[in-house]
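Student: What follows is a structure written as structure tokens; I'll ask about it next.
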Amino acid sequence: MPSADSSSVHDASARRILGLALPALGVLAAEPLYLLFDAAVVGRLGALPLAGLAVGGLVLAQVSTQLTFLSYGTTARAARLHGAGRQRDAVGEGVQATWLALSLGVVIIGVMQLVCGPVLSVVGGGGAIAAEATEWFRVAVLGVPFILVSLAGNGWMRGVQDTVRPLRYVLTGLGLSAVLCPLLVHGMWGFPRLGLVGSAVANVVGQIVAGGFFLVAVLRSGAPLRPVWSVMRAQLVLGRDLVLRSLAFQACFLSAAAVASRFGAAAVAANQVVLHMWNLVSLTLDSLAIAAQTMVGAALGRGDVGGATRLGWRLTVWSTVFAIILAVIFASGLPVIPSVFTTDASVIEQMQSIWWLFVLIIPIAGVVFALDGVLLGAGDAAFLRSATLVCALAGFLPSIWMALAFDWGLRGIWIGLGIFVTLRMIAVVARMVSGRWALAGADIQRENA
């Protein structure tokens with residue numbers, strides 16, 4: 001057993017953590033920033049194409065984000081193998097995740113081409129908006145296999161502690177999309193004017209390029225390329241738990257949006273803006289969680305349970321301190337930040353009514369995100385699934401619907417979010433203290449109860 005001076009502990013230096021977290025943050029932030037640019041380009045066509053992009057993009061995001069286990073699950077499995085010195089097998093996890101990505105992507109294309117019309121009609125309310133969304137979506141969905149390949153590529157590369165190459169690949173793909181988008185949407189510099197469809201074409205081209213880089217990396221890795229069903233099955237079992245966890249989050253936030261809409265336009269607008277702030281915080285803290293995931297997984301893979309535990313707590317301290325700094329920034333920004341997004345006094349008033357709740361939640365989230373990363377790195381997805389479902393059913397959802405029943409307004413919704421995050425913190429801290437998550441070895445099959 002490694003000593004207290006194990007290299008895994010020294011790996012938790014500021015340089016090492018930031019070396020993993022900052023490129024991961026770049027990958028996490030790149031797509032949301034590109035989507036804002038895409039919306040600005042399409043917005044110049046008018047309200048109808050922009051609405052079509054919003055509806056089509058929402059459905060496409062729901063389809064692809066349910067499969068993020070290709071990234072997070074692959075990281076957990078590859079990190080253990082990497083820590084055990086089994087680099088070839090670690091990359092092999094990426095090969096099998098890539099096979100899954102391509103297979104699922106092709107299935108998604110076929111299914112969504114058949115059902116996208118009715119689905120987008122329901123989401124977009126039918127009529128012209130649904131028609132625009134469908135035209136965009138039929139092209140954009142062709143990029144799904146490459147989106148999923150990029151998720152798988154991010155997963156195994158993070159697992160082997162290489163977060164720089166994914167950043168280069170993703171930025172190259174999105175950069176190409178950013179160049180093509182205005183050219184194809186507005187027909188600039190001799191390019192055909194494709195309107196809204198031009199946005200979809202630009203997206204797909206960028207996704208093909210980024211996914212192509214990850215495919216080439218797998219092909220050149222030296223790992224066996226044949227499909228191995230036993231590995232893919234284990235990835236799907238882990239993926240099932242992560243998908244259920246993701247669905248719990250979505251049920252909570254969709255319910256929150258539905259309830260906020262009952263309180264009027266100002267409440268909806270205020271809730272959306274503060275949620276954007278929350279998403280920014282989440283992205284930032286998630287980058288530290290990714291560092292925790294890959295480093296803890298590697299420590300467990302080499303059998304260093306004590307080192308993994310110390311790493312987990314040290315990274316949690318890092319994340320919490322950083323979250324406190326973010327909370328101070330947002331607290332100081334209360335007089336300024338709301339007015340950046342709107343001049344409507346009623347919206348600003350609503351934002352101010354929930355701002356301090358948002359600020360108070362951030363440090364708690366610092367603990368939750370870090371320990372989520374630790375437990376994901378340990379492959380403890382079944383516990384995270386169950387804990388998230390219980391916390392949602394016991395905390396967030398009852399608070400949301402009570403806010404509607406008793407007319408508590410946005411404060412009720414954000415108190416519900418605070419309860420949800422606090423319950424999750426209690427759950428992951430208790431799990432961490434129990435030590436039941438820290439199973440040593442490169443190949444761990446957990447009970448999924």
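Student: Taking the Cβ of each residue in Leu275, Leu371 as the centre, tally the other Cβ atoms inside 10 Å and list the residues starting with the fewest.
Tutor: Leu275, Leu371
Student: Given the -39500 (n - 2.57) contribution per DSSP H run of 4+ residues, what per-residue ellipticity at 222 nm results for the chain, rounded to the nearest 500 deg cm²/dmol?
Tutor: Computed mean residue ellipticity for the chain: -28500 deg cm²/dmol.
Student: Ok, one more. Can you find, among Val368, Ala78, Ser319, the residue sitting farthest towards the positive end of the charge dipole of the chain, where Lys and Arg contribute +1 and Asp and Glu -1 at Cβ?
Tutor: Ala78
Student: Charges only on Cβ, +1 for Lys and Arg, -1 for Asp and Glu: so what's the dipole of region 7-227 about the Cα centre, in debye to the nearest 20?
Tutor: Roughly 600 debye for region 7-227.
Student: OK, next. Quick check for me: using +1 on Lys/Arg Cβ and -1 on Asp/Glu Cβ, what's the dipole size of region 241-434 about its Cα centre, in debye to the nearest 20?
Tutor: The dipole of region 241-434 has a size of about 360 debye.
Student: Moving to a separate point now. Using packing as a proxy for protection, rank 387-396, 92-101, 38-47 so that the peptide with the highest average count of other Cβ atoms within 10 Å comes first.
Tutor: 92-101, 387-396, 38-47
Student: When Lys and Arg each count +1 and Asp and Glu each count -1, what net charge do the other residues less than 13 Å away from Leu196, Cβ to Cβ, add up to?
Tutor: 0
Student: If you don't mind, another one. Can you tell me how the chain classifies by the Cα gyration tensor, rounded, prolate or oblate, using a/c under 1.5 as the rounded cut?
Tutor: Since a/c reaches 1.5 but b/c is at least a/b, the shape of the chain is classed as oblate.
Student: I've got another one for you. Taking K and R as +1 and D and E as -1, what net charge do the other residues with C-beta under 14 Å from the C-beta of Asp162 add up to?
Tutor: Computed value for this residue: +4.
Student: Explain nothing, just the number: dipole magnitude of the chain about its Cα centre with +1 on each Lys and Arg Cβ and -1 on each Asp and Glu Cβ, in debye rounded to the nearest 20.
Tutor: Dipole size: approximately 840 debye.
Read-outs throughout are calculated quantities, based only on the coordinates presented, and are distinct from any laboratory measurement. From a predicted model like this one, the values you see are computed outputs, not experimental measurements. Cβ sites come from the backbone with ideal geometry, for glycine too, and all protein chains shown count toward neighbours.
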